[in-house]
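Asker: Sending over a structure as structure tokens; questions will come in a sec.
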Amino acid sequence: MNQYCKIQLLKDFFLTKLHFCDNKLRFNWALKLSFFLFLMLLPVFKVRSQTISPTINYVTGKFEPAQSIDFIKIEKKYARTVEASKKMFLRKETYTQLKKMFTEAAKNGVTLNVLSATRNFDYQKNIWENKWRAYKNEPTDYARSKKILEFSAMPGASRHHWGTEVDLVAVTNSYFEHGEGLKVYKWLQAHAAQFGFCQPYTKNRKTGYNEEKWHWSYLPLAKQYQKFAQTNLTDASFKDFLGAQTAIELQIVKNYIVGINPDCQPN
Ligand SMILES: [Zn+2]
């Protein structure tokens, strides 16, 4: 291949109108160049899947998912209700894998949909404080928080902050114990891991929230946030909401952030 040919080939390549002309040498050279460029770009793709490094603000939900380029809105067809779809966001990678899982489930006659996805600090604060007011007859603040913590996290301590969590189909365990719900749950138990999802709140754990058959976590991203949260958050980190003073006595980090299904734990 002469010098002119190489220069022409490079020019064509970058103008993205590569045409493998007349001789084999030129084709081989182009293949080598493509492979080289592919190798150069590999780390970019790898980093792309973890673009948001863990920070205190991120793991405690102090951001707006709708304004982040790493988040994407869930399409109506994957949401339980049209209303829910208007405000549900996930990290892009979580969403890609979730859609693959939904498609595979549908092939097996199992219908999946999303009830809740990313919830930032303010969203979780709203849930928490509504329950705090509702449980006003509990004898102590500790008991009041403990009651909420059966199923809801303190603002700042929810996995739903991370863009990696979804609540699927129904938010009662009883739904998943018979009929269509049982079929859905059995399918998820058998297949969710193939798509990166794990159920963090299984039954028979010693600490933490009650069992939640509807809550699934996308581990390839969630593991790094879990690791960061359990290493960097303290019980004194939780503040600026009603009942926050109970976090220390309840040992939120040890009992609720760490206290998940061992299969979903980072190494
Ligand atoms: Zn959940």
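The numbers here are math on the coordinates, done by the rules we state, and not lab data. The model shown is predicted, which means the values in this text are computed figures rather than measured ones. All Cβ positions, glycine included, derive from the backbone under ideal geometry; neighbour counts span all protein chains shown.
Asker: Grab every C-alpha pair in the stretch 131-189, bin the distances at 10 angstrom width from 0 up to the longest one, and report whole percents.
Answerer: So the P(r) values, bin by bin, are 19, 33, 32, 15, 0.
Asker: May I ask you to evaluate 6.51 cos²θ - 1.76 cosθ + 1.60, the Karplus curve with θ = phi - 60°, for each residue of the stretch 136-149 and list the ³J(HN,Hα) values in order in whole Hz, giving x for glycine and proline?
Answerer: 5, 8, 5, x, 9, 4, 4, 5, 5, 5, 4, 5, 5, 6
Asker: Can you give the Rg/Rh ratio of the stretch 56-264, where Rg is from the C-alpha atoms and Rh is the Kirkwood radius?
Answerer: Details: Rg = 16.6 Å, Rh = 17.4 Å.
Taking Rg over the Kirkwood Rh, I get 0.95.
Asker: Across the stretch 181-192, in residue order, what do the Karplus-derived ³J(HN,Hα) couplings come to in whole Hz, using 6.51 cos²θ - 1.76 cosθ + 1.60 with θ = phi - 60° and x for Gly and Pro?
Answerer: In residue order, the calculated couplings are x, 5, 4, 4, 5, 5, 5, 4, 4, 7, 10, 4 Hz.
Asker: For Ala79, enumerate residues with amide H under 5 Å from its amide H, sequence gap 5+ or separate chain, H modeled in the peptide plane.
Answerer: Val114
Asker: Further question: Please list 207-220, 123-136 highest first by mean number of surrounding beta-carbon atoms within 10 Å per residue. Walk me through the numbers on the way to the answer.
Answerer: Working: 207-220: 20.2, 123-136: 16.3.
Packing order, densest peptide first, comes out as 207-220, 123-136.
Asker: Along the stretch 227-237, what does the Karplus equation 6.51 cos²θ - 1.76 cosθ + 1.60 (θ = phi - 60°) give for ³J(HN,Hα), rounded to whole Hz, x for Gly and Pro?
Answerer: 4, 5, 4, 6, 8, 9, 8, 10, 5, 7, 5
Asker: Place the peptides 90-97, 168-175 in order of packing, highest mean first, counting for every residue the other Cβ atoms within 10 Å and averaging per peptide. The partial results should precede the final answer.
Answerer: On the way: 90-97: 22.6, 168-175: 16.6.
Those peptides, ordered most packed to least, come out 90-97, 168-175.
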